[in-house]
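*Asks:* Have a look at this one.
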Amino acid sequence: MLLSRLLACVLSSSVAWHGALAAGVAGRGPAYAESPQQWIIESKGPPLQNIVTWDADSLLVRGERIVIYSGEFHPFRLVPLLPHPVGCRCSHLSRLPVPALWLDIFQKIKSMGYNCVSFYVHWAVLEGNPGEFSAQGVFAFEPFFDAAKKAGIYLLARPGPYINAEVSGGGYPGWLQRVKGTLRSADQDYLQATENYVQKITQIIAKAQITNGGPVILFQPENEYTVVGGSSAIQKGFPDPVYWSTVQEQYRRAGIIVPFISNDASAKGFFAPDHPIKNVSVDIYGHDAYPLGFDCANPYTWPTTGFPTTWTTDHENQSPSTPYSIIEV
């Protein structure tokens, strides 16, 4: 059993972070795999890349079988302004980023035995007005990527466009409220509104892929696309393979060639490659899992029953061809 997301783990007196992503099965197979079973193929053409591959047991990087143990660190926020109770995810109050501290943070993560970090990208921070995208100064990503590479940390990029991440509007810019069409749907007005952000942030992340010598080995389109809204009109066509495939195509078209991994809010199996929805799937299926739940209002109250016992069976039914991946736990 692999676990990944560590809630409010304190790296030092001034640095708190969350963990995300476990992929693989420990203790199986040799250190190096002879022939991984899966690689990315688009439109039945040649593989997009052969550096990051996978099979049912684990990821492989340059043929070396690895189990990913990951933390999570968001470059748009450094640390909480105020300490939070144990077990609370609500770390949305933060100072401006301090890039000079990023290497130190990555080194602390590395020293604790982790080999990867996943990170969200906050659309609203980068495109406060429609068409005006800026990732400069403290919001530049290049120092973040450089620090991760220097510390020997792989990265999982999670740019949304919707991220949740306990930020206002799930990372959506306020001006999106004036856009016609249903958010997180195949409505053209919404998709067109995302296009500038997707193009610009993907160009930045694509340069940092491992295929270009960078630390990015995985990419997550969307986030927790498991429950969208509460109205019957929205739920009627959910989950929408047209929307999901369009989001993936946006990122592929803009240059992402590392594997796509998903993050179901719970283990529903949506868009798992073994059970695609109308031929639409990710490369590697993953899901959220908070075994004991969380309650920020009552951080010292923990349930005494209800620990899940079906995860292995669920995985074998939903996505047996991919490594078991818990993106948040």
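FYI, it's all coordinate maths here, none of it is from the lab. All figures in this text were calculated on a predicted structure; none of them were measured in a lab. Heads up, the Cβs are rebuilt from the backbone with ideal geometry, glycines too, and the neighbour counts pull from every protein chain shown.
*Asks:* Would you kindly derive the ³J(HN,Hα) couplings of the range 112-126 from the backbone phi angles with the Karplus curve 6.51 cos²θ - 1.76 cosθ + 1.60 (θ = phi - 60°), listing them in order in whole Hz, with x for Gly and Pro?
*Replies:* 7, x, 8, 10, 8, 9, 9, 9, 7, 10, 9, 4, 4, 5, 9
*Asks:* Within 15 Å, Cβ to Cβ, of Asn212, how many net charges do the neighbouring residues add up to if Lys/Arg are +1 and Asp/Glu are -1? Intermediate results must be reported in sequence, preceding the final value.
*Replies:* Numbers: positive: Arg62, Lys149, Lys207; negative: Glu142, Asp146.
Residues close to Asn212 contribute a combined charge of +1.
*Asks:* Let me ask something else about it. When only C-alpha pairs under 8 Å and at least 6 residues apart count, what is the relative contact order of the range 198-329, in percent?
*Replies:* On the way: 193 pairs, mean separation 31.3, N = 132.
This gives 24 percent for the range 198-329.
*Asks:* Could you order peptides 125-131, 294-300, 113-119, 218-224 by the average number of other Cβ atoms within 10 Å of their residues, highest first?
*Replies:* Working: 125-131: 15.6, 294-300: 11.7, 113-119: 21.1, 218-224: 24.7.
Those peptides, ordered most packed to least, come out 218-224, 113-119, 125-131, 294-300.
*Asks:* Further question on the same structure: So which of Lys108/Lys207; Lys110/Lys207; Lys110/Lys268; Lys149/Lys278 end up more than 27 Å apart by C-alpha? Before the final figure, lay out each step's value.
*Replies:* On the way: Lys108/Lys207 25 Å; Lys110/Lys207 23 Å; Lys110/Lys268 32 Å; Lys149/Lys278 38 Å.
From the list (Lys108/Lys207; Lys110/Lys207; Lys110/Lys268; Lys149/Lys278), the Cα-Cα distance tops 27 Å for Lys110/Lys268; Lys149/Lys278.
*Asks:* 5 Å is the cut-off here: which amide hydrogens, built 1.01 Å from N in the peptide plane, fall below it relative to Asp264, excluding neighbours closer than 5 in sequence?
*Replies:* Gly286, His287, Asp288
*Asks:* Something else: Identify all aspartates and glutamates with a Cα-Cα distance to Lys150 below 13 Å; exclude those on the same chain that are fewer than 8 residues away in sequence.
*Replies:* Asp104, Glu142
*Asks:* Right, here's the next one. List the residues, sorted by chain then number, that are 5 or more residues from Arg65 or on another chain and whose placed amide H is less than 5 Å from its amide H.
*Replies:* Tyr32, Ala33
*Asks:* Treating the beta-carbon of each Lys and Arg as +1 and of each Asp and Glu as -1, no other charges, what is the dipole magnitude of the range 136-282 about its Cα centre, to the nearest 20 debye? All intermediate terms of the calculation are to be shown ahead of the outcome.
*Replies:* On the way: 13 positive and 12 negative charges, 35 e Å.
Using Cβ point charges on Lys, Arg, Asp and Glu, the range 136-282 gives about 180 debye.
*Asks:* Another question about this same structure. Using the Kirkwood radius built from alpha carbon pairs, what does the Stokes-Einstein equation give as D for the range 158-229 at 4 °C and 1.567 mPa s, in µm² per second? Before the final figure, lay out the partial values.
*Replies:* Numbers: Rh = 13.4 Å.
Reported coefficient: 96 µm²/s.
*Asks:* Further question on the same structure: For Leu218, list long-range residues whose amide hydrogen, built 1.01 Å from N in the peptide plane, is under 5 Å from its own amide hydrogen.
*Replies:* Leu155, Ala157
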